[in-house]
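The values are calculated or read from the model by the stated rules, or taken from the named source; none is laboratory data. Just so it is clear, the structure is predicted and the values come from calculations on it, not from any experiment. Cβ placement follows ideal geometry from the backbone for every residue including glycine, while neighbour counts extend to all protein chains displayed. These accessible areas exclude ligands, DNA and RNA; they are computed on the full protein's heavy atoms, side chains included. Shrake-Rupley method; radii C 1.70, N 1.55, O 1.52, S 1.80 Å.
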Amino acid sequence: MADQVRAGGRGPYPLQGRVAVVSGGSSGIGAATVTRLAEAGASVWIGYNLGQDRAAALAAKLPGTGHRALHLPMRDTAGIVAAAATVASVHGHVDILVNSAATTRAIPHGDLDALDDAIFDEILLTNVRGPFATIRAFRKLLAESGDAVIVNISSLSATTGMGSSIAYCASKAALDTMGLSLARVLGPDIRVVGVAPAAVATDFVPGRGRDAVEKQAASTPLRTVTEADDVALAVMAAIVNLRQTTGSTLVVDGGRHL
Ligand SMILES: NC(=O)c1ccc[n+]([C@@H]2O[C@H](COP(=O)([O-])OP(=O)(O)OC[C@H]3O[C@@H](n4cnc5c(N)ncnc54)[C@H](OP(=O)(O)O)[C@@H]3O)[C@@H](O)[C@H]2O)c1
């Protein structure tokens with residue numbers, strides 16, 4: 001039994017030469033994470049759905065080499081499988097998978113009729129089945145790494161039930177719970193960590209401007225707007241330093257939950 005146990009104390013996770021895939025990588029938190037990973041020496045596949053031009057432009061301006069745009073559509077499993085095959089044809093393994101892609105609608109929670117089945121399905125498919133299908137498609141490549149990490153971008157709304165729509169809150173709770181199950185079965189070669197921000201200054205919520213994010217920040221203990229890069233730094237912490245963490249979700253909200 002003892003010979004099946006690995007020694008810890010390995011120090012920070014080295015990023016130089018690592019292969020990373022980031023869904024929703026062309027904008028917001030995904031793009032900030034892509035940039036941090038590239039600056040640290042990783043080669044990054046920038047997942048996109050509609051943002052092909054944005055992804056290509058980001059790949060072209062990143063430091064280092066081997067960065068590419070990758071069509072990674074959350075609601076099209078065949079497309080996700082094709083993306084994994086594309087990465088496999090170049091690298092044969094993946095060290096880091098960041099699931100940042102997601103969608104939402106701004107729907108008042110009391111207006112149950114406005115949250116119809118089509119919107120509910122779209123949010124759940126994109127935010128839950130999509131990341132699961134991505135992990136399933138990339139599992140073999142991640143296992144080939146021997147020391148891989150998956151970071152799921154969740155949300156404080158998973159635990160508070162407050163957020164842009166009821167379906168969105170439910171989708172992030174499902175993502176977190178899925179992370180618990182996956183962390184159990186994917187170890188020891190793959191860690192699974194969640195990062196849960198709240199009210200980040202991106203264009204994620206339709207109709208929500210920076211003024212609304214600033215107003216929300218004003219009522220938090222840190223009274224500081226959470227920028228996309230603040231979340232990217234938390235993702236980096238999970239990848240680089242939280243080597244003994246799996247099946248946990250880190251809250252990155254300026255203390256908004258208090
Ligand atoms: N901003 C916040 O206040 C906040 C708070 C808590 C959690 N989060 C989470 O943070 C993550 C990133 O959001 P963000 O704030 O960075 O907003 P964002 O800039 O709007 O990023 C969302 C990304 O998701 C991608 N996406 C949407 N639908 C997709 C689909 N069907 N298939 C593949 N990709 C799809 C988009 O890609 P394309 O543009 O290529 O279509 C886009 O790059 C999300 O998981 C979100 O739930 C955000």
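The three principal axes of the C-alpha atoms in the chain carry coordinate ranges of 54, 38, 34 Å, sorted with the longest axis first. If the segment from E39 to L112 were pulled out straight at 0.36 nm per residue, it would be longer than the present Cα-Cα gap by 21.8 nm. Under the shape rule built on the C-alpha gyration tensor, where the axes satisfy a ≥ b ≥ c, the range 106-258 is oblate, since a/c reaches at least 1.5 while a/b does not exceed b/c.
With Cα atoms as the point set, the radius of gyration and Dmax of the range 7-122 evaluate to 16.7, 54 Å. Take the Cα of Q4, step 7 Å toward its Cβ, do the same at T159, and the gap between the two points is 3.2 nm. With each label modelled as a point 7 angstrom along the Cα→C-beta vector, the Q16-K61 pair spans 2.7 nm. Let a ≥ b ≥ c be the square roots of the eigenvalues of the Cα gyration tensor of the range 49-103; is it rounded (a/c under 1.5), or, if not, prolate (a/b larger than b/c) or oblate? Here the range 49-103 falls in the oblate category.
Over all directions, how big on average is the projection of the convex hull of the alpha-carbon atoms in the range 195-244, in square nanometres?
Values: hull surface 15.9 nm².
The number I arrive at for the range 195-244 is 4.0 nm².
If the elastic network links every pair of Cα atoms under 10 Å, which of G207, G24, G41 fluctuates the most in the Gaussian network model of the chain? Its mean-square fluctuation being the largest, the pick is G207. In plain terms, the chain is cut at each of the trypsin sites (Lys or Arg not before Pro) found in a DSSP loop with at most 11 other Cβ atoms within 10 Å, and the longest leftover piece is 11-222.
Which order do the peptides 147-153, 247-253 take when ranked by the mean count of other beta-carbon atoms within 10 Å per residue, highest first?
The packing order, highest mean first, is 147-153, 247-253.
Applying 1/(1 + (r/R0)^6) with R0 = 22 Å to the Cβ-Cβ distance of H71 and V185 gives a FRET efficiency near 0.20. Distances between placed amide hydrogens fall under 5 Å for V251 paired with A196, all partners being 5 or more residues away or on another chain. Using a Gaussian network model of the chain in which every pair of alpha carbons under 10 angstrom is joined by a spring, one finds that among Q16, Q216, Q244 the greatest mean-square fluctuation is at Q244. By the rule of a C-alpha distance below 27 Å, with chain neighbours fewer than 8 residues away ignored, the lysines paired with K172 are K140, K215. Among H71, F204, T86, pick out the residue whose Cα is farthest towards the positive end of the charge dipole of the chain, where Lys and Arg carry +1 and Asp and Glu carry -1 on C-beta, about the Cα centre. Of the listed residues, the answer is T86.
Taking all protein chains as shown and a probe of 1.4 angstrom, D95 keeps an accessible surface of around 10 Å². Between the amide H of N152 and those of N99, V193, G194, V195, distances stay under 5 Å, these residues lying 5 or more places away or on another chain, with hydrogens modeled in the peptide plane.
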